[in-house]
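**Student:** The structure under discussion is supplied below as structure tokens; questions concerning it will follow.
Any read-out appearing in this document is the output of simple, stated calculations on the displayed coordinates, not a laboratory observation. None of these values were measured; they are calculated from a predicted model. Cβ placement follows ideal geometry from the backbone for every residue including glycine, while neighbour counts extend to all protein chains displayed.
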Amino acid sequence: MDIIQSYGLILIILAAVFGFIMAWGIGANDVANAMGTSVGSKALTIKQAILIAMVFEFAGAYLAGGEVTSTIRKGIIDAGYFVDIPEYLVLGMISALLAAGIWLAVASFKGWPVSTTHSIIGAIIGFTAVGVSTEAVEWGKVGGIVGSWVVTPAISGIIAYLIFVSADKLIFQTKTPFQNARRYVPVYMALAGFIMSLVTIKKGLKHVGLGLPDAQGYALAVGIAVAVGLLGVWMINRVKYDVNDTLEHQNANVEKVFAILMIVTACCMAFAHGSNDVANAIGPLAAVVSVVSNGGEITSNATLAPWILPLGGIGIVAGLALFGHRVIRTIGQGITHLTPSRGFAAEMAAATTVVIASGTGLPISTTQTLVGAVLGVGLARGVAALNFGVIRTILISWVVTLPAGALLAIIFFFILKASFGVI
């Protein structure tokens, strides 16, 4: 308790610096969730994708990052064990931020798409289990996270496979692909409008007090879907084409339509991601600020100081601007060859899985969801379309993320304890 009173400002500054590093890692690694497929399919260049992501990720983080955030991310540890030793929680959260931030920097440099959520959770588990008590960790939730390594990529992969196969059979494998596109693309656009509305409502707007009850949320999403579908009919009917065009030329025109649609879905995913995953950086930071500000008292929720959300948003933008291109290349080009229609199928599948997870409480990583979706699209073209060397590296990085975060956090926790003279 003495160190909180004696070194409160220093502890907050450390937490802010390491929170920025963590947010930087989120931007560097997770931006590929929204933009990887757009770049891989050549709907956007890497520079365009990064500029768009900077705007929407920051908007999501700053506008919808939440005024109040849970002190202990995902309820993974029991705060009751820290009531008599709040300095352990403060030093532990600072250690976790630095540990997760460093791991994400390494993974991003290597181009590995890992889970930022699992990085910070692994770090929090590490310092708690070793530095406090193994009983303070909610091991049942850890089991759910490990299970999600298989479940969420499988769900998104199956959905992506079905979306792509349906578009392939209904449009691309027919004798008149552009005529069929005029019939079916508005349906895909309406579906995209519905899912993206739900993602934004459930993962974004609820943080700024604009969240709607489920019934109203679904009704709004249906209304947006109908409007987007009608807009799609109007847009595609304006496109002039010659019935004598070659199949190759017709298919190219259809891909252009999917490319425009995918850019819109990518913007929605970037906004939703910024609003949701910025909590991985600002949650532990808010916990430190709350405990220090309250003189060592641990509350269940931490009201955010005004400077915390901008710090997280700026950190995300800095990370994606400097290192974002590395993971984007892995997602967009390393796993399988993408076209706009394949990228759209993957993006839609990832968004649909996010909505399913939000409704069922399924633990989810947006990174693993999108990788699963890209795998599903690749499998629709046959096993030979997949790059198994890249896939193997990605899977290994997923497994390593939890223990890597935990080990680094344990090391930093004991270094900080020694530095501040905590017994």
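**Student:** By how many nm would the segment from Q48 to R392 lengthen if fully extended, with 0.36 nm per residue of separation less the alpha-carbon distance?
**Tutor:** This chain segment gains 120.9 nm when fully extended.
**Student:** Sticking with this one: Anyone know which of A59, A79, A215 comes out most mobile in the 10 Å Cα GNM of the chain?
**Tutor:** In this elastic network of the chain, the residue with the biggest mean-square fluctuation among A59, A79, A215 is A215.
**Student:** Also: Can you list residues whose amide H is under 5 Å from I77's amide H, if they're 5+ apart or on another chain and H is modeled 1.01 Å from N?
**Tutor:** Amide H to amide H, under 5 Å and 5 or more residues apart or across chains, I77 pairs with E138.
**Student:** Hey, another quick one. I'd like the Karplus ³J(HN,Hα) series for region 221-238: coefficients 6.51, -1.76, 1.60, θ = phi - 60°, whole numbers in Hz, and an x wherever there's a Gly or Pro.
**Tutor:** 3J(HN,Hα) across region 221-238, in whole Hz: 4, 5, x, 5, 4, 4, 4, 5, x, 5, 4, x, 4, 5, 5, 6, 6, 7.
**Student:** Follow-up question, since we're still on this one. FRET efficiency for Q5 and T134, Cβ-Cβ distance as r, R0 = 35 Å, nearest 0.05?
**Tutor:** Step by step, r from the Cβ atoms, then E = 0.75.
**Student:** Report the Cα centroid-to-centroid distance between region 305-343 and region 78-156 in angstrom, as an integer.
**Tutor:** 21 Å
**Student:** Let me ask another. Listed here are the pairs K42/K175; K110/K417; K42/K169; K42/K141; which of them are more than 27 Å apart at the Cα?
**Tutor:** K110/K417; K42/K141
**Student:** Something else: I'd like the Karplus ³J(HN,Hα) series for region 391-396: coefficients 6.51, -1.76, 1.60, θ = phi - 60°, whole numbers in Hz, and an x wherever there's a Gly or Pro.
**Tutor:** Residue by residue, region 391-396 yields 4, 4, 4, 4, 4, 4 Hz.
**Student:** Can I ask one more? Taking the Cα atoms of region 78-136, report the difference between the largest and smallest coordinate on each principal axis, in whole Å and largest first.
**Tutor:** Principal axes ranked by extent give 42, 18, 15 Å for the Cα atoms.
**Student:** Per residue of region 21-27, in order, report the coupling 6.51 cos²θ - 1.76 cosθ + 1.60 (Karplus, θ = phi - 60°) as ³J(HN,Hα) in whole Hz, putting x for Gly and Pro.
**Tutor:** 4, 5, 5, 4, x, 4, x
**Student:** In addition: Taking the Cα of N237, stepping 7 Å toward and past its beta carbon, and measuring to each backbone N in region 176-196: which are under 13 Å?
**Tutor:** 182-183, 186
**Student:** How high is the relative contact order of the chain, given as a whole-number percent (alpha carbon pairs under 8 Å, six or more residues apart)?
**Tutor:** It rounds to 40 percent for the chain.
**Student:** Distances over 23 Å make up what percent of all Cα-Cα pairs in region 273-368?
**Tutor:** 47 percent
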